[in-house]
Amino acid sequence: MRLMLRFTIPVEKGNEAEADGSLAQAIKDLIALLEPEAAYFHLDRGMRAGTIFYEESDAARLPLANELFFSKLNASIEIQPAVSFEELMSGL
C-alpha cells in the first residue's frame with residue numbers, strides 16, 4: 001500500500017538538530033528506511049516539514065518511521081493511505 005507520511009519539526013528542536021548535524025542524519029535515516037518513491041521538504045506554519053510517499057506492505061514497520069522522528073526531532077507525524085489518479089478512477 002502506498003502511504004503518505006507528513007511531518008513537522010518544532011522550530012527550536014529543528015534549529016538544535018540542524019546545528020549539531022542530527023537533522024540531516026535523521027532525514028537520511030528515514031529515507032534509507034522507507035525507500036520512498038517521492039520525498040518533498042517544505043515549510044508548514046513556519047516549521048520545517050516534509051511529505052514522503054512510499055510503499056509499505058508490513059504494518060508492523062509503521063512504528064519504525066514514527067519513532068525515528070518522534071525521538072530524534074520531537075516531530076509531529078501523520079501517516080495515511082494515498083492513491084494515484086488511476087487507482088482512484090478504478091475504485092470509483
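Residues checked against (1) surrounded by 14 or more Cβ atoms within 10 Å (Cβ to Cβ); (2) touching a residue at least 12 places away in the same chain (Cβ under 8 Å); (3) assigned to a strand (DSSP E or B):
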| residue | (1), (2), (3) |
| --- | --- |
| Gly14 | yes, yes, no |
| Leu23 | yes, yes, no |
| Asp29 | yes, yes, no |
| Leu43 | no, no, yes |
| Pro63 | no, no, no |
| Asn66 | yes, yes, no |
| Lys72 | yes, yes, no |
| Ile79 | yes, yes, yes |
| Val83 | no, yes, no |
Among the residues of segment 31-41, write down those that are exposed (fewer than 14 other Cβ atoms within 10 Å of the Cβ) and either at positive phi or part of a strand (DSSP E or B) (or both).
-> Glu35, Ala38, Tyr40, Phe41
Test set (1) open to solvent by 40 Å² or more (accessible area, probe 1.4 Å); (2) assigned to a strand (DSSP E or B); (3) in contact (Cβ under 8 Å) with a residue 40 or more places away in the chain - Thr51 fails condition number = (1)
Identify the residue in segment 1-12 that is open to solvent by 70 Å² or more (accessible area, probe 1.4 Å) and closer than 16 Å to Gln80 by Cβ and, among all such residues, is modelled with the lowest pLDDT.
-> Met1
Here are some conditions: (1) in contact (Cβ under 8 Å) with a residue 24 or more places away in the chain; (2) exposed (fewer than 14 other Cβ atoms within 10 Å of the Cβ); (3) of a type in the set (Ser, Thr, Tyr); (4) part of a strand (DSSP E or B). Ser57 meets all but one. Which one does it not meet?
-> (4)
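The values are calculated or read from the model by the stated rules, or taken from the named source; none is laboratory data. Please read these numbers as outputs of a predicted model, since none were measured by experiment. Here Cβ is always computed from backbone atoms with ideal geometry, including for glycine, and neighbour counts include all displayed protein chains. Just so you know, the surface numbers come from the protein's heavy atoms only, side chains and all, with ligands and any DNA or RNA stripped out. Shrake-Rupley method; radii C 1.70, N 1.55, O 1.52, S 1.80 Å.
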